[in-house]
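Take a look at the structure set out below.
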Amino acid sequence: MKGSPKYQLNRDDLSAIARGALLAAGGAVMAYLSTEVLPNLDESTTAGAVLAGVGATLLNLLRKFMTDQGNS
C-alpha cells in the first residue's frame, strides 16, 4: 500500500477509513446490546452469555475478513 501525499487521501486511505468506521459501528452495536438488551432479558444467564459470545464472534469475524491481507 503506497502512502498518499500530504493533505490528500487516496483509495487505500479511504478504504482503511471505511473499514475502521464499520468496526467502530460494530463495537457500538455490541456496547448497545450489552447495556440495553442483555439486562432486559429474562434472568437466564445462559441466553445473555450466548448472545454476547455470538456477537463478539461475529464482530471478530468481520474484523478478520476486513483486515487480513492473505499470505502471498
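The values are calculated or read from the model by the stated rules, or taken from the named source; none is laboratory data. Note that the coordinates shown come from a computational prediction; the quantities given were computed from them, not determined experimentally. Methodologically, a virtual Cβ is constructed for each residue, glycine included, from the backbone with ideal geometry; neighbour enumeration extends over all protein chains shown.
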task = Hey, could you check segment 50-64 for residues that are surrounded by 11 or more Cβ atoms within 10 Å (Cβ to Cβ) and farther than 13 Å from Gly26 by Cβ and say which is farthest from the chain's Cα centre (by Cα)?
result = Val50
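Condition check ((1) in contact with a helix residue (DSSP H, G or I) (Cβ under 7 Å, 6 or more places away or on another chain); (2) part of a helix (DSSP H, G or I); (3) at pLDDT 80 or above) across all residues:
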{"residue": "Ala28", "(1), (2), (3)": "no, yes, yes"}
{"residue": "Val37", "(1), (2), (3)": "no, yes, no"}
{"residue": "Glu43", "(1), (2), (3)": "no, no, no"}
{"residue": "Ala47", "(1), (2), (3)": "no, yes, no"}
{"residue": "Val54", "(1), (2), (3)": "no, yes, yes"}
{"residue": "Phe65", "(1), (2), (3)": "no, yes, yes"}
message = I'm checking my understanding of the structure. Among residues of segment 1-33 that are of a type in the set (D, E, K, R) and free of Cβ contacts under 8 Å to residues at least 24 places away in the same chain, which one is farthest from Phe65 (Cα to Cα)?
response = Lys6
message = Restricting to segment 4-16, give me the number of residues that are surrounded by 11 or more Cβ atoms within 10 Å (Cβ to Cβ) and assigned to a helix (DSSP H, G or I).
response = 5
